[in-house]
Amino acid sequence: MSLLRAVATAAAALALSGAWAQEVDYTLGASSALLVRGIALGNAKPALQAGVAVDTTDGWLAGVGIATLRPSTDQGWTTQLYARAGYAFRLDDDWSAQLAATHYAYPFDDYLRSFDRDEFGATLAWRDRVFGSVTALRQTTASPNGHRSGWAADLVLREPLGRAGGVSFALTAGLGHQDQQRRAGFSYDYGHVGLSGRIGSKVQVELSRVASDHRAREWFGAAADARWVGSLALGF
């Protein structure tokens, strides 16, 4: 059984279990581009997304989702699938932590299939304002030298700005590093700054400027160009 199927089965079982204390959240969204650590997938074209998840600050969590994207201007739409399961810890009133395993798959596109991967991440958060994470990466496809593994580290800051007209605003900024030295012989840095707005508890919009360094541009070409990315998410 693949990790995707195993995690998806676990997510569905937990979400449907009567013993699960948290509500199931459903999300529909759209973004101007689908990015992975500063790199645009799907020819940097708009993407539609949908997901179902059970999240908590202290206990088991799980989710599955799908995104549609267009690999190139002369190809039709394809999909990204993901499944996630993990455990969240409430350490005290200010600090929390999370461990999670996620599998991403692109089953209908030969090029994007090279991005199929497993991620095993640990995150430490302070007051929903500072987030630090370290992630072990394992690509499904081995490189010519036989290696599949890499790692990434991220630091994200969130500063609430208050409310205006019923919208809660916040500034966000993040820096990250992805290391693929063993698998592909390179590593790169990426980051973003942005503004998010939340309307009630079910609607969120965000506009961010995303950029990667020259090593990413040398390796990924135009997919690593700096760009503005806007997104809208609706919760149910």
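Structure summary
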{"read-out": "Looking only at the stretch 128-157, and only at residues there that are modelled with pLDDT under 95 and among the basic types (K, R), the one that is farthest from H192 (Cα to Cα)", "value": "R148"}
{"read-out": "Residues located in the stretch 163-178, provided they are assigned to a strand (DSSP E or B) and either more than 17 Å from the chain's Cα centre (by Cα) or hydroxyl-bearing (S, T, Y) (or both)", "value": "R163, A164, V167, S168, F169, A170, L171, T172"}
{"read-out": "Among residues of the stretch 187-236, those that are loosely packed, with under 14 Cβ neighbours inside 10 Å and either in a loop (DSSP other than H, G, I, E, B) or among the hydroxyl-bearing types (S, T, Y) (or both), counted", "value": "5"}
{"read-out": "Filter pass, D94 being buried (at least 19 other Cβ atoms within 10 Å of the Cβ) and without any contact (Cβ under 8 Å) to a residue 40 or more places away in the chain", "value": "no"}
{"read-out": "Contacts under 8 angstrom Cβ, first residue in the stretch 136-163 being surrounded by fewer than 14 Cβ atoms within 10 Å (Cβ to Cβ), partner among the hydroxyl-bearing types (S, T, Y) and at pLDDT below 95, 6 or more apart", "value": "T141/S114"}
{"read-out": "Residue match in the stretch 132-150 (condition: of a type outside the set (S, T, N, Q) and over 23 Å from Q181 (Cβ atoms))", "value": "no"}
{"read-out": "Of the criteria (1) over 18 Å from T141 (Cα atoms); (2) of a type in the set (G, A, S); (3) free of Cβ contacts under 8 Å to residues at least 40 places away in the same chain; (4) touching a strand residue (DSSP E or B) at 6+ places or on another chain (Cβ under 9 Å), which one A83 fails", "value": "(3)"}
{"read-out": "Odd one out for G221, checked against (1) farther than 27 Å from T140 by Cβ; (2) modelled with pLDDT under 95", "value": "(1)"}
{"read-out": "D109 surrounded by fewer than 16 Cβ atoms within 10 Å (Cβ to Cβ) and not in a strand (DSSP E or B)", "value": "no"}
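Residue-by-condition table, conditions (1) assigned to a strand (DSSP E or B); (2) surrounded by 18 or more Cβ atoms within 10 Å (Cβ to Cβ); (3) touching a Ser or Thr at 6+ places or on another chain (Cβ under 7 Å); (4) at pLDDT 95 or above:
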site	(1), (2), (3), (4)
T57	no, no, yes, no
A62	yes, yes, no, yes
I66	yes, no, yes, yes
S72	no, no, no, no
G76	no, no, no, no
Q80	yes, yes, no, no
Y87	yes, no, no, yes
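The values are calculated or read from the model by the stated rules, or taken from the named source; none is laboratory data. The model shown is predicted, which means the values in this text are computed figures rather than measured ones. Note: ideal-geometry Cβ built from the backbone for every residue, glycine included; neighbour counts use all protein chains shown.
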